[in-house]
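S.K.: What follows is a structure written as structure tokens; I'll ask about it next.
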Amino acid sequence: MKIFIDTANITEIREAQSWGIIDGVTTNPSLVAKSGRSLESVIKEICTIVDGPISAEVVSVDAPGMVEEGEQLAAIHPNVVVKVPMIPAGLQATKILSGRGIPVNVTLIFSPAQALLAAKAGATYASPFVGRLDDIAEDGMGLIAQIVRIYKNYDFPTQVLVASVRTPIHFVRAAELGAHVATCPSSVLQQIMKHPLTDIGLERFLADYHKATQH
Ligand code: E4P
């Protein structure tokens, strides 16, 4: 499973990149707004840090606007993936952009039928939001299982990008289910690499070693 970091914060991206485990980056308009920078400048800088797919989201809600914005974003760097919302205009834009060789990430997917339509329109990635489904007492990871099965049934090349990951359980279940990508906030990346027994074990190893080498 590929691991993307879900942020537009350069410090977080640099730190995660230094761990050697990051395959790509996802951003969204809320994350870019939080960075306090323009979409173009932040995407440009991210592309200099991570050599992998970098999702940049359009803010138009009509197909011609999405296509125009998508082309401008794609021109920033060959690694840019244009992110469009799962609405009729988004499907239309996906068809056009993917037909022009521009990879598209269809975002805000909350049902298996939406994921099937995104794949049919030619999306490179489909982003189901698991945390936001859990928030309304629906089964986010159940949706991932359904989409993975449907894509396998028909050999769709579209990759399931598990988004709105909030906990280590989301991450582990995504891998168990065979999702292609999980995009995680920096907080979840920190959580998944930690285990209390690792810390206790290391502390003991070092204490034993220093005790033995003191005299
Ligand atoms: C995905 O690409 C989105 O940016 C993100 O995962 C949304 O997560 P949230 O529901 O925690 O805002």
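The values are calculated or read from the model by the stated rules, or taken from the named source; none is laboratory data. All values reported here derive from a predicted model rather than from experimental measurement. A quick note on method: Cβ atoms are made from the backbone with ideal geometry, for glycine too, and the neighbour counts reach across all protein chains shown. Protein only, heavy atoms only, side chains kept; ligands, DNA and RNA dropped before computing areas. Shrake-Rupley method; radii C 1.70, N 1.55, O 1.52, S 1.80 Å.
S.K.: Out of all the residues in the stretch 5-40, which are away from the ligand (no atom under 14 Å from the Cβ), crowded, with 17+ Cβ neighbours inside 10 Å and not polar (S, T, N, Q)?
M.R.: Correct list: ALA16, ILE22.
S.K.: Among the listed residues VAL58, VAL50, identify the single one that is in contact (Cβ under 8 Å) with a residue 12 or more places away in the chain, within 14 Å of the ligand (Cβ to nearest atom) and not polar (S, T, N, Q).
M.R.: After applying the criteria, what remains is VAL58.
S.K.: Pairs under 6 Å by beta carbon, first residue at positive phi in the stretch 112-125, partner open to solvent by 50 Å² or more (accessible area, probe 1.4 Å), six or more apart or different chains?
M.R.: Listed pairs, sorted by first residue: GLY122/LYS95.
S.K.: Those residues that are outside any helix (DSSP H, G or I), open to solvent by 30 Å² or more (accessible area, probe 1.4 Å) and closer than 18 Å to LEU39 by Cβ, I need them from the stretch 68-97; list them, please.
M.R.: If the condition is that a residue be outside any helix (DSSP H, G or I), open to solvent by 30 Å² or more (accessible area, probe 1.4 Å) and closer than 18 Å to LEU39 by Cβ, then ALA75, ILE76, HIS77, PRO78, ASN79 are the ones that fit.
S.K.: Now for a different question. Please give the number of the condition GLY65 fails out of (1) more than 16 Å from the ligand (Cβ to nearest atom); (2) buried (at least 17 other Cβ atoms within 10 Å of the Cβ); (3) under 16 Å from THR94 (Cβ atoms); (4) not charged (D, E, K, R).
M.R.: It fails just one condition, (2).
S.K.: Would you point out which residue out of ALA118, ALA137 is open to solvent by 30 Å² or more (accessible area, probe 1.4 Å) and either more than 13 Å from the ligand (Cβ to nearest atom) or outside any helix (DSSP H, G or I) (or both)?
M.R.: Unique residue meeting the criteria: ALA137.
S.K.: Show me the helices (runs of 4 or more DSSP H) found entirely inside the stretch 147-215 where at least 1 residues are open to solvent by 90 Å² or more (accessible area, probe 1.4 Å) and polar (S, T, N, Q).
M.R.: 186-192
S.K.: Give me the pairs: first residue in the stretch 31-42 and small (Gly, Ala, Ser), second residue within 14 Å of the ligand (Cβ to nearest atom) and open to solvent by less than 80 Å² (accessible area, probe 1.4 Å), beta-carbon distance under 7 Å, and six or more apart or on different chains, which are they?
M.R.: Here the result reads SER35/ALA8; SER35/ASN9; SER35/VAL42, each pair linking the stretch 31-42 to a residue that is within 14 Å of the ligand (Cβ to nearest atom) and open to solvent by less than 80 Å² (accessible area, probe 1.4 Å).
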